[in-house]
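Trainee: Dropping the structure in here first, questions after.
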Amino acid sequence: MTKTANFQYASPVYGNTAREFGAMPQPAYERYAEPELLYPPRYIPAPGRTEEEVITDVRTKQAISPFTVIGSLIVGLLLVFSLLAQTRLNAVADDSAKFQRQIRTLETDRTRLLIEYECAFNFSEIEAYAINTLGMQKPTEGQIHYLQMSVPDKAVILNPSENQGSLIDRVSDTLASLGEYLK
């Protein structure tokens, strides 16, 4: 009984690699325990050829695939772009942190100014300033005058659809009101 190994050969095999009929396959630990089967089988050249001829035939010219070069360039560009994007993201994050600090500073200034504004309108201080510094006095009964109007107040609401004058009238009214405003 001959012992054979189940190897996939990369080259043609001359001879018979079939198992004997009725032979039981060996377990893997027995099959690879023998020293000759620990190493892959050596290539045996075809009849009429030497090993040097076969080796020179097998050697191929080594070259770099254009797809490898293009893929490497694309990967390199993507790395550069990702680094630039990360740098820009860090710059934006720094600006955001700076603006957040400015917002906090401005909010504290706003609350301080609101407190000062509310304190500025203390009526007792305004009255003391008017009396002591400006020399103002409280009005007496003789200085107070009341106006009596015999005609009651009257207001007229005009409906814009009734008073649709010509374009010239509207323009002249607009210019007249503008002139009164500028006087």
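Trainee: Test of understanding: among TYR146, TYR129, which residue is of a type in the set (Ser, Thr, Tyr) and not in a loop (DSSP other than H, G, I, E, B)? If you could, list the steps in order and put the result at the bottom.
Mentor: On the way: TYR146 fails: not in a loop (DSSP other than H, G, I, E, B).
The unique qualifying residue is TYR129.
Trainee: To continue, here is another question. Restricting the search to the stretch 123-137, which residues are touching a helix residue (DSSP H, G or I) at 6+ places or on another chain (Cβ under 8 Å) and loosely packed, with under 10 Cβ neighbours inside 10 Å? If you could, list the steps in order and put the result at the bottom.
Mentor: Taking the stretch 123-137 as the starting set, the residues that turn out to be touching a helix residue (DSSP H, G or I) at 6+ places or on another chain (Cβ under 8 Å) are 136-137.
The answer is GLN137, and nothing else.
Trainee: Would you pick out the residues in the stretch 107-141 that are basic (Lys, Arg) and within 60 Å of the chain's Cα centre (by Cα)? Talk me through it step by step, then tell me what you get.
Mentor: If we filter the stretch 107-141 for residues that are basic (Lys, Arg), which is where we start, we get 110, 112, 138.
Answer for the stretch 107-141, where residues must be basic (Lys, Arg) and within 60 Å of the chain's Cα centre (by Cα): ARG110, ARG112.
Every number here is computed from the coordinates shown, using simple stated rules; none is lab data. None of the values given here were measured: they were computed from a predicted structure. FYI the Cβ positions are ideal-geometry reconstructions off the backbone, even for glycines, and counts take in every protein chain you see.
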